[in-house]
Amino acid sequence: MSERSDKPSTSLAPGQWSFTRWKTIGQLEAVEVHHPLFKAAITLQGAHLVHFSDPNENNWLWLSDFARFQPGRAIRGGIPVCWPWFGDPAKNPPAIRNHIKTPSAHGFARTTLWQLESVSESAHEVEISLSLNTANEFSKEWEGRALALITFHFSIRGCQIALTTTNLAQEPLALSQALHTYLPTSDITNTRLLGLGNSQYIDTLKDWNYATQDGPVYFEGETDRIYETGEVLIATTPEQRTKLIGFGSDSTVVWNPGPEKSRRLSDFPETGWRNMLCVETANAAGDYRVLNTGQSHTLGVLIERG
C-alpha cells in the first residue's frame, strides 16, 4: 500500500483517489468514501448525503427502509437539498412564489443530477464538492438563473455541509431553501430537541399561527414548525446526542409526520415516525434571502456527536 500524505489530493481522476470511489446505489450513481476514520455516501442526483458514520457506528442519518434510488425520484431520508424553494410554493412569500411555475414542493435540486466538481483527500479528512447550474434549464419550473455549489467536509469530528447560491441573472433573486436533515432515534417519545427554548415559531398544523417554545421540543404526534432561529441545537435520543450548528440561517424547521401522515407518505414505513425526526437548517418563511446580480449566500450546517 502506498504512503498517504497529509497534503490533499484534488484530482478528479478516480485512480488517484485513496478513499473515494464511484458506486451505484439502486439506479443512481454515487460517490462513496471509505476513510479509516469515517464513511460517507453521496448520490449525484440531488447531491444527497445518504450515509455518514465513523467505522464503528451506524449511520448518523435516518434512511427509510423503503427508500428508492431511482432517477427523478426524491430519496426518503439522509439530507435532501431543498432548493431553490422550500416547502409548498403557495406558502412562500410573493417574491419567491411568483417565480415558481410548478406546484411541486421543495424545488427541483433534490431530483436533478449535479456535477461532481472536486474531491480533496488527506489522512484526516475528505472534502467533496458538486454543482448545479440552472442557467440553461428549468425554465418550465422556475424563473431564475443561479449556480448552486455544495461542499461536504468529512472528518472524525463530524460532517459539515455548505450550500452556496450565486445569482447569475440580471435581476434580484429571491429564494428559500433547507438542508433537510433526517436523524435516527429508537423512540421518538423519548427524544427531545434542545436550543429552541423561548424562541417563536410558526405552527403549520395550526393555521400557520405563531407560538413561543417553552423549554425543549418534545414529540407527541405530528410536528411541523418553522422556528425563527438558527442557533446551536442538540437532538437527544436514547442512544446519543447530536449537535447541529447552523450558519447563514435564521430559521429551523422541526418535523415529524406522526402516525396518521406516515400512512400517506411515499417510501415511508407506516411506523417510521417512531424512529426519526427532522431538524432542518433553513432559510424559510420570513428568513428567505434576496441576492442581487452576482451576489452569493451560503447556508450550512455542522453535525457533530457528543
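What follows draws every value from the coordinates through simple rules; no lab data is involved. Keep in mind that this is a model prediction, so the values were computed, not measured. A quick note on method: Cβ atoms are made from the backbone with ideal geometry, for glycine too, and the neighbour counts reach across all protein chains shown.
Would you mind telling me which residue in Thr43, Thr212, Thr166 has the biggest mean-square fluctuation in a Gaussian network model of the chain, where springs connect alpha carbons within a distance under 10 angstrom? Sorting by GNM fluctuation, first place goes to Thr212.
Using Cα pairs under 8 angstrom and six or more residues apart, how large is the relative contact order of the range 25-305, in percent? Don't skip to the end; give the middle numbers.
On the way: 757 pairs, mean separation 50.2, N = 281.
Contact order relative to length: 18 percent.
Put a plus charge on the Cβ of each Lys and Arg, a minus charge on the Cβ of each Asp and Glu, and nothing anywhere else: the dipole of the range 25-305 about its Cα centre is then about 380 debye.
Note on the range 25-305: Rg/Rh from Cα positions, Kirkwood definition for Rh, rounded to two decimals, is 0.94. In summary, the lysines within cross-link reach of Lys23, defined as a Cα separation below 23 angstrom excluding same-chain residues under 8 places away, comprise Lys39. Our note on the geometry: Cα centres of the range 106-140 and the range 206-261, 27 Å apart.
Packing around the peptides 73-86, 168-181, taken as the average count of other Cβ atoms within 10 Å per residue, puts them in this order, highest first: 73-86, 168-181.
With a Förster radius of 41 Å, plug the Cβ-Cβ distance of Arg21 and Lys140 into 1/(1 + (r/R0)^6) and report the FRET value to the nearest 0.05.
Details: r = 35 Å, r/R0 = 0.86.
The formula returns an efficiency of 0.70 here.
Computed packing ranks the peptides 46-54, 200-208 as 46-54, 200-208, most packed first, by mean other Cβ atoms within 10 Å. Highest GNM mean-square fluctuation among Asp250, Asp214, Asp224, for the chain modelled with Cα contacts below 10 Å: Asp214. Pairwise Cα distances in the range 6-138 exceed 17 Å for 63 percent of all pairs. Once the chain from Glu239 to Asn56 is taken as fully extended at 0.36 nm per residue, the excess over their C-alpha distance is 64.4 nm.
Note on Ala169/Glu222: beta-carbon distance plugged into 1/(1 + (r/R0)^6) with R0 of 35 Å gives a FRET efficiency of 0.40.
In this structure the amide hydrogen of Lys101, modeled in the peptide plane, comes within under 5 Å of the amide hydrogens of Trp142, Glu143, none closer than 5 places in sequence on its chain.
Relative to the current alpha-carbon distance between Ser131 and Asp203, full extension at 0.36 nm per residue lengthens the span by 22.6 nm.
Backbone phi angles across the range 193-209, fed through the Karplus curve with coefficients 6.51, -1.76 and 1.60 (θ = phi - 60°), yield HN-Hα couplings of 10, 9, x, 10, x, 6, 8, 7, 8, 9, 8, 5, 8, 10, 6, 6, 7 Hz in residue order; Gly and Pro are listed as x. Between Asn292 and Asn190, the simple label model (points 7 Å from Cα in the Cβ direction) yields a spacing of 5.5 nm. Taking amide H as placed 1.01 Å from N in the peptide plane, the amide H of Thr191 sits under 5 Å from that of Phe219, each at least 5 places away or on another chain. Using the Karplus relation 6.51 cos²θ - 1.76 cosθ + 1.60 with θ = phi - 60°, the per-residue 3J(HN,Hα) values for the range 276-287 come to 8, 8, 10, 10, 10, 6, 9, 10, 10, 6, x, 8 Hz, with x marking Gly and Pro.
Could you work out the relative contact order of the range 129-273? I mean the mean sequence separation of Cα pairs under 8 Å and 6+ apart, divided by the number of residues, in percent.
Details: 249 pairs, mean separation 22.7, N = 145.
Relative contact order here is 16 percent.
Helical content of the chain, expressed as a calculated mean residue ellipticity at 222 nm, amounts to -500 deg cm²/dmol (DSSP H runs of 4 or more residues, -39,500 (n - 2.57) each, divided by residue number, nearest 500).
With a simple spin-label model that places each label point 7 Å from the Cα along the Cα-to-Cβ direction, the separation between Ser155 and Arg97 comes to 4.3 nm.
Distance between the modelled labels on Ala90 and Arg264, one decimal in nanometres: 1.3 nm (7 Å Cα→Cβ projection). Take the convex hull of the alpha carbons in the range 238-300; its mean projected area over all directions comes to 6.4 nm².
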